[in-house]
Amino acid sequence: MAIMSFVLVLLLALHGSALGQTLSSSFYRSSCPNLTTIVRAAVQQAVQAEARIAASFVRLHFHDCFVNGCDASILLDGANLEQNARPNAGSARGFDIVDSIKSSVESSCPGVVSCADLLALIARDSVVALNGPSWTVVFGRRDSLTASQSAANANLPPPTLNASALIASFQNQGLSTRDMVALSGAHTIGQARCITFKARLYGPFQIGDQMDQSFNTSLQSSCPSSNGDTNLSPLDVQTPTSFDNRYFRNLQNRRGLLFSDQTLFSGDQASTRNLVNSYASSQSTFFQDFGNAMVRMGNINVLTGSNGEIRRNCGRTN
């Protein structure tokens, strides 16, 4: 009995934050019954106006969760905060639309819905808007009072990581290799700046990097060696505005845009290569694993109960 008690105490110490979470799909059922209707309509309108914004919304949720948990810290305005960290400066976008959605929700349910929960819901509806999978979003997150630029610089995986480093980065967040490869499939939509893949076109090349030569040549026209760092190219050149499994087929053909994409298939990790092959052959398997991984990611180090606050304006604390 003493040993069992010790083990229980140890588990509580190691996983107390996870055990204390009270996220629920029905969290706003009474306090904000129109939440999902308001957000779905706003996201559909935004995606119809610009399909690329869907990828930007998913990225905001991801970049939020990987920095001290899913607490909407990325939405806080400030020169020295997360928005201006190296992985976000000049590329994170959609803040104005999130603010607009938050304003609409506040009009219906003032002071009730957190910005962290909004990001989770907006990400799901963005994927659905581009014909991707749906999943059950759970709520109850609260918003942080601070944001850390240094943590964003340290924790957000750059596009230069190989498969082993990516596995380690996601494991640090409590996510598995399967979660990592499935979540990487979000690159079936969206675009990347030339600066993030230029080294793959002109060298020096990373060990194990592979790229189809015709794909390389086509990219050089939009990403010249001497300038054009902010020029954009689709992450999935085949179906850039449709959420599907084409991204994984591209990797099989050595047409992954980022090194961190192509390494999943061409690197030295058989586990990631096997998952790429699985998702390339079965879109339904990818969709199921992606939804499950998004739920797990959305549960990273969340604030609940009396921790944090419910921001009335996502860009600043109350």
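The values are calculated or read from the model by the stated rules, or taken from the named source; none is laboratory data. Predicted model, so just to flag it, every value in this text is computed and none were measured. All Cβ positions, glycine included, derive from the backbone under ideal geometry; neighbour counts span all protein chains shown. When the accessible area is computed, the model is the full protein with side chains, heavy atoms only, and any ligands, DNA or RNA have been set aside. Shrake-Rupley method; radii C 1.70, N 1.55, O 1.52, S 1.80 Å.
Which residues, taken from the range 185-195, are in contact (Cβ under 8 Å) with a residue 60 or more places away in the chain and either open to solvent by 60 Å² or more (accessible area, probe 1.4 Å) or out of contact with any Asp or Glu (no Cβ under 9 Å at 6 or more places or on another chain) (or both)?
Scanning the range 185-195 gives ALA186, GLN191, ALA192, ARG193.
For the range 113-143, what are the residues that are in a loop (DSSP other than H, G, I, E, B) and either among the small types (Gly, Ala, Ser) or buried (at least 17 other Cβ atoms within 10 Å of the Cβ) (or both)? Let's see the steps before the verdict.
As a first pass, look at the range 113-143 and keep what is in a loop (DSSP other than H, G, I, E, B): 113-114, 130-138, 140-141.
VAL113, SER114, LEU130, GLY132, PRO133, SER134, TRP135, VAL137, VAL138, GLY140, ARG141 - these are the residues of the range 113-143 that are in a loop (DSSP other than H, G, I, E, B) and either among the small types (Gly, Ala, Ser) or buried (at least 17 other Cβ atoms within 10 Å of the Cβ) (or both).
Which residues, counting only those in the range 212-239, are without any contact (Cβ under 8 Å) to a residue 60 or more places away in the chain and either open to solvent by 80 Å² or more (accessible area, probe 1.4 Å) or in a helix (DSSP H, G or I) (or both)?
Initially, the range 212-239 is screened for residues without any contact (Cβ under 8 Å) to a residue 60 or more places away in the chain, giving 212-229, 231-234, 236-239.
Answer for the range 212-239, where residues must be without any contact (Cβ under 8 Å) to a residue 60 or more places away in the chain and either open to solvent by 80 Å² or more (accessible area, probe 1.4 Å) or in a helix (DSSP H, G or I) (or both): GLN213, SER214, PHE215, ASN216, THR217, SER218, LEU219, GLN220, SER221, SER226, ASN227, GLN238.
Please identify the pairs in which a residue from the range 256-273 that is closer than 18 Å to ALA168 by Cβ has its Cβ atom under 6 Å from the Cβ atom of a residue that is among the basic types (Lys, Arg) and open to solvent by 20 Å² or more (accessible area, probe 1.4 Å), counting only partners at least 6 apart or on another chain.
Matching pairs, first to second residue: none at all.
Just name the residue that is farthest from ASN313 (Cα to Cα) out of those in the range 67-92 that are surrounded by fewer than 24 Cβ atoms within 10 Å (Cβ to Cβ) and under 13 Å from the mean Cα position of the chain (by Cα).
Filtering first and then ranking leaves PRO87.
Is there any pair linking a residue in the range 84-98 that is part of a loop (DSSP other than H, G, I, E, B) to one that is among the acidic types (Asp, Glu), with Cβ under 8 Å and at least six apart or on different chains, and which?
Short answer, once both residue conditions are applied: ASN88/GLU82.
Residues that are basic (Lys, Arg) and open to solvent by less than 30 Å² (accessible area, probe 1.4 Å): does the range 200-211 have at least one?
From the range 200-211, those basic (Lys, Arg) are 200; that's our starting set.
Next, only the ones that are open to solvent by less than 30 Å² (accessible area, probe 1.4 Å) stay: 200.
Yes, the range 200-211 has at least one match.
Determine if the range 298-313 includes at least one residue that is touching a strand residue (DSSP E or B) at 6+ places or on another chain (Cβ under 8 Å), assigned to a loop (DSSP other than H, G, I, E, B) and open to solvent by 40 Å² or more (accessible area, probe 1.4 Å). First the steps, then the outcome.
Going through the range 298-313, the residues touching a strand residue (DSSP E or B) at 6+ places or on another chain (Cβ under 8 Å) turn out to be 302-305, 307-311.
Right, trim to assigned to a loop (DSSP other than H, G, I, E, B) and you get 302, 304-305, 307-308, 310-311.
From what's left, open to solvent by 40 Å² or more (accessible area, probe 1.4 Å): 305, 307.
Yes: one or more hits.
Which is in a loop (DSSP other than H, G, I, E, B), closer than 30 Å to THR136 by Cβ and of a type outside the set (A, V, I, L, M), of SER242, SER271?
Working: SER271 fails: in a loop (DSSP other than H, G, I, E, B).
The conditions single out SER242.
Condition check ((1) touching a residue at least 12 places away in the same chain (Cβ under 8 Å); (2) out of contact with any Asp or Glu (no Cβ under 8 Å at 6 or more places or on another chain); (3) assigned to a helix (DSSP H, G or I)) across all residues:
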{"site": "THR37", "(1), (2), (3)": "no, yes, yes"}
{"site": "LEU60", "(1), (2), (3)": "yes, yes, yes"}
{"site": "CYS70", "(1), (2), (3)": "yes, no, no"}
{"site": "ALA79", "(1), (2), (3)": "no, yes, no"}
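Looking at HIS15 and the list (1) farther than 29 Å from GLY185 by Cβ; (2) at pLDDT below 80; (3) open to solvent by 60 Å² or more (accessible area, probe 1.4 Å), which single condition is not satisfied?
(1)
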